[in-house]
Each structure stands twice: as structure tokens, then as C-alpha cells.
Amino acid sequence: MENAPVKIKKIKIEEIKLVGFRVLCPGDQYIKEIPKASLGLENRRSEISHITNSNRQIGAFRVEESTEDEDGYWVCMEVSAFKDVPEDMVTLTVPAQSYAVYRHQGSNREIVKAYEDLHKWIETSGYKRLKARWHLELYHSWKDPDRLSVELCDTIE
């Protein structure tokens with residue numbers, strides 16, 4: 001399996017609205033704090049109105065943030081409208097963008113390697129990473145940090 005070809009594709013995702021939690025912590029703590037926020041969101045999913053897909057959580061972040069308000073990692077559910085948002089949750093609108101997408105299945109500790117493969121593909125395919133834009137992680141399985149199923153979506157042009 002280790003020598004299997006990397007399956008990466010380019011897709012466009014239309015504007016999406018997200019509701020959830022913003023995680024802000026020292027860089028080395030995200031590997032612990034994101035799963036905690038994800039479980040907290042899972043436990044409170046019923047409080048979020050207008051969820052478009054209850055079987056998927058979405059992580060959002062910027063590689064190069066330009067303001068303090070953009071720093072951190074958002075653990076969210078996609079919604080069709082921002083109505084009746086719980087008081088302690090945040091909203092985020094991600095504009096339509098093109099992404100290079102890599103499907104990672106396995107431990108959250110292996111995501112760094114998956115991103116290395118994704119970034120190498122972007123470079124060799126002639127695309128440019130847009131680090132100051134929102135990047136997404138589409139989680140299809142998130143309850144066990146050692147057994148994730150996630151599409152890593154790196155914003156490109």
C-alpha cells in the first residue's frame with residue numbers, strides 16, 4: 001500500500017457557510033485540541049439549525065493569516081443559513097474556490113505526510129498554493145483520531 005499512487009484531484013467548491021467552534025492554541029497543541037472541539041461539536045450538533053450534511057464535519061484554516069481574527073482552526077458543520085446560531089459558536093463564510101484534494105485515511109499524526117504529498121503534487125502539476133485563503137478539511141469520519149477519513153483541500157489557482 002505504501003507505494004500506491006497518490007490520488008489527488010482538482011475541484012471547485014461553491015461558497016459554504018459554516019457554524020461551529022474556533023480553536024486557538026499554541027501550534028503544537030492543535031493535534032490535541034482539534035479532536036476535543038470535534039467531539040464537542042458532535043455532542044451539540046442538534047443545537048445547530050439548517051445543517052446540510054450531518055455526516056460531515058468541516059475544518060477551515062488559513063496557512064498565512066493576515067489578521068488575528070483569521071488565526072486558528074474552525075471545526076464546523078455546513079449550514080444553508082445562519083439562523084439560531086448557539087451563542088458560544090462562531091460562523092464563517094468560505095467563498096467559492098478551487099482546491100487540490102487528497103483523501104487521507106488513518107491517524108491525525110499522519111496528516112503532515114499527506115499534506116507533503118499534496119503540496120508536492122500541486123507544485124509538479126503547475127498550480128500555485130493560495131496560502132492566504134481558506135483551506136478546508138472535509139471529515140467523513142472523525143470520532144477516532146487514529147482512524148480518520150478526511151479530504152484535505154488546499155486552495156490553488
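In this structure, is A60 in contact with a Phe, Trp or Tyr (Cβ under 6 Å, 6 or more places away or on another chain) and under 26 Å from D146 (Cα atoms)? So that I can check it myself, show each step before the final result.
Details: in contact with a Phe, Trp or Tyr (Cβ under 6 Å, 6 or more places away or on another chain): yes; under 26 Å from D146 (Cα atoms): yes.
Criteria met by A60.
Looking across region 5-43, the residues that are in contact (Cβ under 8 Å) with a residue 12 or more places away in the chain, small (G, A, S) and in a helix (DSSP H, G or I) come down to A37, S38, G40.
Which of the following residues is more than 19 Å from L138 (Cβ to Cβ) and either of a type in the set (F, W, Y) or at pLDDT below 95 (or both): E68, E47? Please lay out each step first, then the result.
Working: E47 fails: either of a type in the set (F, W, Y) or at pLDDT below 95 (or both).
Sole residue among the options that is more than 19 Å from L138 (Cβ to Cβ) and either of a type in the set (F, W, Y) or at pLDDT below 95 (or both): E68.
Has region 82-94 got any residue that is in contact with a strand residue (DSSP E or B) (Cβ under 7 Å, 6 or more places away or on another chain), farther than 21 Å from F21 by Cα and polar (S, T, N, Q)? Spell out how you get there, then give the answer.
Filtering region 82-94 down to residues in contact with a strand residue (DSSP E or B) (Cβ under 7 Å, 6 or more places away or on another chain) leaves 82, 85, 89-94.
In the following step, the residues that additionally are farther than 21 Å from F21 by Cα were identified as none.
Within region 82-94, none of the residues are in contact with a strand residue (DSSP E or B) (Cβ under 7 Å, 6 or more places away or on another chain), farther than 21 Å from F21 by Cα and polar (S, T, N, Q).
Only residues that are exposed (fewer than 14 other Cβ atoms within 10 Å of the Cβ), among the β-branched types (V, I, T) and over 20 Å from A37 (Cα atoms) were counted in region 51-108, giving 1. Quick one: would you say I34 is under 19 Å from H140 (Cα atoms), in contact with a strand residue (DSSP E or B) (Cβ under 9 Å, 6 or more places away or on another chain), among the hydrophobic types (A, V, I, L, M, F, W, C) and modelled with pLDDT of 95 or more? No.
The values are calculated or read from the model by the stated rules, or taken from the named source; none is laboratory data. Quick caveat: nothing in here was measured; it's all calculated off a predicted structure. Neighbour counts run over all protein chains shown; Cβ positions are idealised from the backbone, glycine included.
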